[in-house]
Each structure stands twice: as structure tokens, then as C-alpha cells.
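> Handing you a structure now.
Bear in mind that the values in this text are calculations on the coordinates, not laboratory data. Quick caveat: nothing in here was measured; it's all calculated off a predicted structure. As a convention, Cβ positions derive from the backbone with ideal geometry for all residues, glycine included, and neighbour counts pool all protein chains shown.
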Amino acid sequence: MAMRLTIGRKIGLGFGLFIFFAALVVVLTNRTLERSRNINAQINEVYSPSVDALVRLRNLMVSSHMLIKHWALLESRADAPEKTELVRITNEELPVLLDRIDTLMADWGPEEVALMARITAGMDSVFATHDRIKSLLPSLESYRDPFVHMERNDLAEEGGPLDKQTASVLGALDKLLELQESKRLELGGGMIRSFDSLKFFVLYMGLALVVIGVVVAVLIIRGIVRPVQRLRNMLLSLGRGIIPRTKVQTTNDEIGDMSVALSSLVEGLRRTTEFSHAVAAGNFEAEYRPLSEEDMLGHALLKMRDELGQRERILEMKVLERTEEVVRQKEEVERQSRKVVELYNNVTDSIRYAKRLQESILPPEKRIRELLPSSFVYYRPKDIVSGDFYWFDRVDDKVLFAAVDCTGHGVPGAFMSLVGYNGLNQAVKEHGRSKPSEVLRELNRIAFDALHKDREQALVRDGMDMALCSYDPTRMVLEYAGANCPLYLVRNGEVLQFAPDKNAIGSFELNGTAFTDHRIRLEQGDMVYVFSDGYADQFGGPKGKKYLYRRFRELLAKVSSEPTEVQRERIHAEFRAWRGAHEQVDDILVIGVRA
């Protein structure tokens with residue numbers, strides 16, 4: 001029986017060849033690098049230092065020869081620079097250099113060692129002649145001795161014993177340098193040849209690795225990746241509820257086993273789908289054969305078919321009963337819906353009528369223009385009716401105006417606004433109050449009594465906030481008192497703030513507590529603003545946050561120099577831009593008066 005080539009064997013064979021050639025490249029590379037390292041060590045640690053030392057020795061020999069000739073042929077004192085330099089070379093530099101060469105000779109060949117021995121013997125003769133010349137001419141007077149003169153001429157003359165001895169040593173040094181240089185070049189050539197062989201191995205073994213990698217990749221793609229992709233596509237289709245129609249080719253490996261199993265699954269799902277469609281169409285006599293005795297889904301489908309047939313008969317009976325009941329319920333719902341619509345229309349009509357009543361108590365724009373020609377009112381209720389309202393009146397030569405914010409908005413706020421409006425008229429017209437603090441005090445008493453807050457358990461716990469001003473246009477004097485509503489005065493682009501008392505109208509018995517009057521002397525062009533808290537509390541902007549009083553003051557300072565009608569339009573435009581798609585959260589009231 002032929003051996004089955006499984007996926008593991010295919011991958012193992014391909015990667016085994018790849019690893020074998022990779023290991024071969026690593027071994028050859030390591031051997032070549034080790035050999036090159038040894039050659040480089042010989043060059044750098046033996047022959048290069050040896051050549052440098054021999055060159056230095058030759059230079060010292062030449063220098064000493066020139067200096068001893070100068071000593072012999074030219075009259076000079078014992079401490080002449082040339083003589084002291086020769087003594088230094090002979091006694092200091094040469095011994096150190098010869099010790100260095102002696103250390104390096106340990107790694108030389110026999111021929112090089114023998115040649116160096118000849119050089120050393122020749123140097124001994126040369127320096128013996130040097131010593132003879134030095135002994136003949138120790139001082140300046142010794143140059144005048146005729147016998148000394150004759151002997152030193154014989155030793156140091158051109159072509160004499162000194163020149164011959166030095167030339168012999170230099171010739172031997174040149175030969176030794178040539179021999180050392182040739183060996184260094186030979187080692188360098190060996191290292192280059194070693195790297196060339198490494199290049200050869202790396203190149204061809206690398207090509208072999210590339211070919212093996214390509215073959216392994218092709219085998220994996222053809223034998224594993226493509227079949228797995230086909231199986232993946234079929235499984236993804238099954239995951240989306242689509243039964244694939246393509247046939248899967250089987251192979252003699254694990255993927256082939258999965259392909260056979262998947263084909264069986266697809267065929268079973270196809271038969272299951274056809275059976276489900278038949279049952280869904282009401283054919284409870286459709287036949288279905290499970291895949292095996294252990295096919296839980298198949299047996300569950302057969303049980304479902306039988307139960308659905310029985311339930312359909314029961315449902316037909318219940319549908320007839322429920323239809324009659326639904327008809328009765330529909331008639332009742334329609335009757336109740338008509339009542340709700342009628343009730344909603346009645347309530348809406350009542351609220352709209354309440355709006356007309358509330359608007360009737362607000363002073364018309366013509367009346368406001370008569371009292372304060374250079375002023376504006378920006379009024380924007382949240383609902384049909386509002387808890388904010390404004391009030392204007394004249395008492396003698398003064399104009400009284402107020403911005404009132406009743407607790408709540410809509411219908412509750414509107415009821416409170418009627419209490420506040422009537423209370424203001426009663427305090428000013430009936431009781432003759434014109435000083436803002438006295439009007440607020442009287443209004444607090446009237447509202448407190450009207451809301452029956454003197455009972456042990458008050459029925460109403462709310463009140464109203466208010467900014468009330470008394471303005472004398474002739475004297476340019478403004479008196480202000482506030483209950484939780486401040487006053488802003490914009491003068492030359494700067495906002496001056498006047499704080500209110502922290503008590504709401506109608507929320508407490510005074511018992512000696514009084515409101516504070518602020519007396520303000522206005523200048524030509526000043527803008528006075530009183531307002532409710534609705535504008536500053538509006539949510540909006542890019543982050544959905546409150547507008548806040550800081551932005552509100554900056555806005556008033558920016559628009560204060562404009563005509564009052566333009567101010568109202570710009571305040572409205574800023575509000576719409578800030579609110580954006582957010583819902584208005586409260587009633588809004590802003591009153592502006594120019595001095």
C-alpha cells in the first residue's frame with residue numbers, strides 16, 4: 001500500500017530540505033570566517049607590527065649613520081645637538097626597538113630569524129665603529145690631533161669601513177622587509193581567496209534556498225492554501241445561510257477528509273432546507289430522512305413537522321375566536337381615542353386662551369416706547385404660556401420697570417405670573433409704593449398671603465425672582481432692588497454688576513427683613529439690563545453645556561453700543577446659534593434700557 005502523503009509530511013519534507021541547506025550555509029560560513037579571523041590575526045598581530053618595527057629600525061640606522069658621519073667629519077663641541085641626538089638614539093630608542101623586534105620574532109619563520117641574526121651582528125660591528133669614533137673625538141681639541149685626524153678619516157671617509165658596514169646592515173634589513181611584506185601579502189591573498197570561496201558558497205547555497213523556498217511555497221499553496229480557501233469560502237457561505245453549489249475536489253490527505261465531510265454536510269443542509277420549505281408551505285405530509293440515527297437536527301425536524309400540523313389545527317380554531325374579540329376591542333379603542341382627541345383639543349384651546357389672557361397683561365410695545373423710547377424687550381416663552389413676564393408703569397416723573405421670573409414654566413408659571421402682575425399693580429397703584437425695595441417688600445407680603453403660606457402646611461412652596469428698577473430720566477438716576485435677579489450696567493464696554501438679595505418673592509415672611517436699594521447715577525450712553533435666568537441656563541454649543549453668565553456678560557458688552565433694536569436681534573441670533581438642535585430649557589426674558 002502506497003504511503004499517504006499527509007499535510008504534515010508535505011510541510012515537514014519541504015522545510016526539512018530548507019533547514020538542511022540553511023545549516024550547510026551556516027557551517028561553511030563559520031569555517032570560512034574562523035579561517036579569515038586567524039589570517040587577520042597573523043597580519044595585524046605579527047607581520048604588520050614587524051614591518052613597522054623594521055621600517056623604524058632602518059630609519060634609526062640611517063639617522064645614526066648621518067649623525068656619526070657628522071661627528072667624525074665636522075668639528076663640534078661635546079654638547080652639540082647632533083652628538084646628543086646620536087647618544088639618545090643609541091642609548092634609548094634602539095634598545096627599546098630591538099626588544100620589541102625580539103618579542104615579535106617569536107612568531108617569525110626560521111629564515112626571517114636567521115636574517116635578523118645577521119642584521120644584529122652587523123649592527124654590533126657598526127656601533128663598535130661608532131664607539132671608536134666617539135672615543136677618538138671626545139672633545140673639540142681632539143679634532144686637532146694629526147694621528148686622530150688620519151684614523152677618523154680612514155674610518156668615516158666615503159666608501160670607508162663605516163659606510164660598508166652600514167650598507168650591509170641596510171641591505172639585510174631591506175631583504176628582511178621584502179620577505180615580511182611578501183608574507184603579509186600572501187596572507188592577505190589567502191584571506192581574499194577564503195572570502196571568495198565564502199561568496200561562492202553563500203551565492204549558490206542562497207540560490208538553492210530560494211529555489212527550495214519557492215518549491216515549498218508552491219506545494220503549500222497548491223496542496224493546502226487553495227483547498228483551505230475553497231473550504232473557507234464554503235463555510236463562510238454556510239455562515240451567511242447560503243448553501244454553496246460548487247463541488248469540492250477530494251485529495252488523499254486531511255483536507256480531502258474535510259472536503260468529504262463538508263460535501264456531506266452541504267447535501268444534508270440542502271435536503272433539510274427543501275423539507276423546511278415544504279413544511280413552511282403547509283405540506284405536513286412531506287418526507288424527510290435523517291442523515292443517521294444520531295442526527296439530532298433531522299429527528300427534531302420530523303417532530304417539528306408533526307407538532308406544527310397539530311398546532312395549525314388548534315390555531316385555526318383560536319383565530320376565529322380571537323377575531324371576534326379583536327373587532328370588539330378595536331371599536332372600544334376607537335371610541336376612547338375620540339375622547340382623548342376631544343379632551344386634548346379642549347385643554348389646548350384653554351391654554352391658548354390663557355396665553356391671550358397672559359399677553360393682555362403685558363404692556364404693548366407702543367406703551368414701552370412711550371415710557372422708555374430707547375429700550376428693548378427680548379421675550380421667548382418655552383411653552384404656549386410663560387412663567388416670565390415684564391412690567392412697565394409710570395409713577396409721577398419716574399418710570400418703573402421689572403423683569404419677573406416665576407417658579408416653573410408653562411401653565412404653573414403662568415398662574416404665578418398673574419399673582420405677580422396683580423401684586424405689582426396693587427403695591428404701586430393702590431398702596432402708592434415707588435421705591436423698589438418697598439415695592440418688593442409689599443409684593444412679598446401680597447404674594448405670601450395670596451399663596452396661603454401662613455398655614456402650617458403651605459399648599460404652594462414656590463415664588464418668583466425679580467429685578468425692579470425706578471428710573472428718573474430727567475435726573476439720570478436709577479434705583480434698583482432685586483430678588484435673586486441681578487442688574488448689569490454696561491458703561492464704555494465694561495460690565496458693572498449689582499447683586500440682588502438672595503430671597504424669592506412670596507417664599508418667606510419678612511419679619512423685619514428688608515430688600516436692598518441700589519442708587520445708580522447713570523451717564524449718557526449707559527445700557528441697563530435686567531433679565532431672568534433662562535438665557536444663561538440654556539444648553540447648547542459644541543459640547544452641549546450651559547451658556548453661563550460669563551458668556552452672557554461678554555455678549556452684552558459686545559452689543560451694548562448698537563441701537564436697541566439691533567441688540568435684540570443679535571441677542572436672538574446668538575441664542576439660536578448656541579441652542580442649535582437642543583430643546584429650550586426655560587422661559588427667557590431680557591430687558592435693555594439706554595440712558
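> FRET efficiency for V341 and I384, Cβ-Cβ distance as r, R0 = 25 Å, nearest 0.05?
0.85
> Which of V419, V169 comes first, and how do the rest follow, when ranked by fewest Cβ neighbours within 10 Å?
If I rank by nearby Cβ atoms, fewest first, I get V419, V169.
> Full-extension gain between R31 and S139, please, as 0.36 nm times their residue separation minus the C-alpha to C-alpha distance.
In short, 32.3 nm is gained.
> Taking the Cβ of S560 as the centre, find all other residues whose Cβ is under 12 Å away and add up their charges (Lys, Arg: +1; Asp, Glu: -1).
Summing Lys and Arg as +1 and Asp and Glu as -1 gives +1.
> At I361 and A22, where each label point lies 7 Å from the Cα along Cα→Cβ, what is the point-to-point distance in nanometres?
It is 9.3 nm.
> Now a separate question. Multiplying the sequence separation of L236 and L73 by 0.36 nm and subtracting their Cα-Cα distance, what value in nm do you get?
47.9 nm
> Let a ≥ b ≥ c be the square roots of the eigenvalues of the Cα gyration tensor of segment 364-594; is it rounded (a/c under 1.5), or, if not, prolate (a/b larger than b/c) or oblate?
Oblate, because a/c is 1.5 or more while a/b does not exceed b/c.
> Let me ask something else about it. Counting Lys and Arg as +1 and Asp and Glu as -1, each charge on the Cβ, what is the dipole of segment 24-202 about the Cα centre in debye, to the nearest 20?
Roughly 680 debye, rounded to the nearest 20.
> Let me ask something additional. In nm, what is the difference between 0.36 nm times the number of residues separating R521 and E562 and their Cα-Cα distance?
So the chain would gain 12.6 nm between R521 and E562.
> Would you mind classifying segment 503-592 by shape? Square roots of the alpha carbon gyration tensor eigenvalues, ordered a ≥ b ≥ c; an a/c under 1.5 is rounded, otherwise it is prolate if a/b is larger than b/c and oblate if not.
Oblate, because a/c is 1.5 or more while a/b does not exceed b/c.
> Another question, if that's okay. Which of I446, I89, I119 comes first, and how do the rest follow, when ranked by fewest Cβ neighbours within 10 Å?
Listed from fewest to most nearby Cβ atoms, that is I89, I446, I119.
> Please arrange L176, L320, L556 by how many other C-beta atoms lie within 10 Å of their C-beta, fewest to most.
The fewest-first ordering by Cβ neighbours comes to L320, L556, L176.
> Turning to a different aspect of this structure: N59 versus K318, label points 7 Å from Cα toward the beta carbon: distance in nm?
So the label points at N59 and K318 sit 11.5 nm apart.
> With r as the distance between the Cβ atoms of E334 and A450 and R0 = 30 Å, compute the FRET efficiency 1/(1 + (r/R0)^6) and round to 0.05.
FRET efficiency, A450 to E334: 0.10.
> How many nm separate the modelled label positions at H149 and N91, each set 7 Å beyond the Cα in the direction of the Cβ?
Reported label-point gap for H149 and N91 is 3.0 nm.
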